[in-house]
Amino acid sequence: MEIEVPEHPIMTWKQFLIHMSTVALGLLMALSLEQTVEWMHHRHQRHQLVEDMRDEAEENIKVIDEDTHLLSQELATLRSVADRLGSAPLQKGFLTIDISRELGPLPQVENMTSPSRGTWAVARDAGLVPLLRHEQARIYTRLDFEAEQELKAEDEATLRYNDLLATLDSRQAPGGQRYQLRLSATDRDLAAQKLRGYMAAQSVVLNRLAFWKGASEAIVHEVRTEDEMMPYITDSATKALK
């Protein structure tokens, strides 16, 4: 910003006051213009963030629906394995069971695609959160919380899955392929325990996906408070239990 020197010498107080008034007015106009430009820029950033969050939520709903379908299929397969494992007869203290048809292909869950939570993370890192209304920031924070809880559930399920595979792989029938098992009664009980643990962990993932979906639906419908968000989450979680 430049302040121009008067073309002619200031000889009187009147001229001085006029000049200073002109300078002050110019400064106020410049500062006002600068603040207006900054306000418009922040307004654009805020609107863009809201739009990006809504777009991400819409896409995540599709991803969650597909993941829910795949996960439900896998749980049905695992229930079938559990039934067969429990009903297989013992012969001379051992049972032989082939579950390679169910577990031989990659489980459906390995084809799942994780929903995205990158938009909010980028906004936090870029310092854009203060541009939002307080309630709007709370809504997005709740959405991110639901996402984080689902990812934690996935991590737990992965641990249970690896534990299950380690148990099954160590009890492979001699000369058999993977998941062709020879189990004692104790081995069967242990395998059933590991299987139940993995199924329970995947059921938690299924429920957490429903919570994430409900929160995403609230974003798409542009709720204005966290209280308005809760019915979407509750409704989605209720549907997941049916």
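The values are calculated or read from the model by the stated rules, or taken from the named source; none is laboratory data. Since this is a predicted model, take the numbers as computed values, not measurements. Reconstructed Cβ throughout: ideal geometry from the backbone, glycine too, with neighbour counts over all protein chains shown.
From the set of residues in the range 163-205 that are free of Cβ contacts under 8 Å to residues at least 24 places away in the same chain and among the polar types (S, T, N, Q), which is farthest from Ile64 (Cα to Cα)?
Applying the filter and picking the extreme gives Thr186.
Which condition from (1) surrounded by 14 or more Cβ atoms within 10 Å (Cβ to Cβ); (2) modelled with pLDDT of 90 or more; (3) among the small types (Gly, Ala, Ser) is the one that Ser87 breaks?
Going through the list (1) surrounded by 14 or more Cβ atoms within 10 Å (Cβ to Cβ); (2) modelled with pLDDT of 90 or more; (3) among the small types (Gly, Ala, Ser), Ser87 breaks only (1).
Determine which member of the set Leu190, Leu183, Leu143, Leu195 is out of contact with any Cys (no Cβ under 7 Å at 6 or more places or on another chain), of a type in the set (A, V, I, L, M, F, W, C) and modelled with pLDDT under 95.
After applying the criteria, what remains is Leu183.
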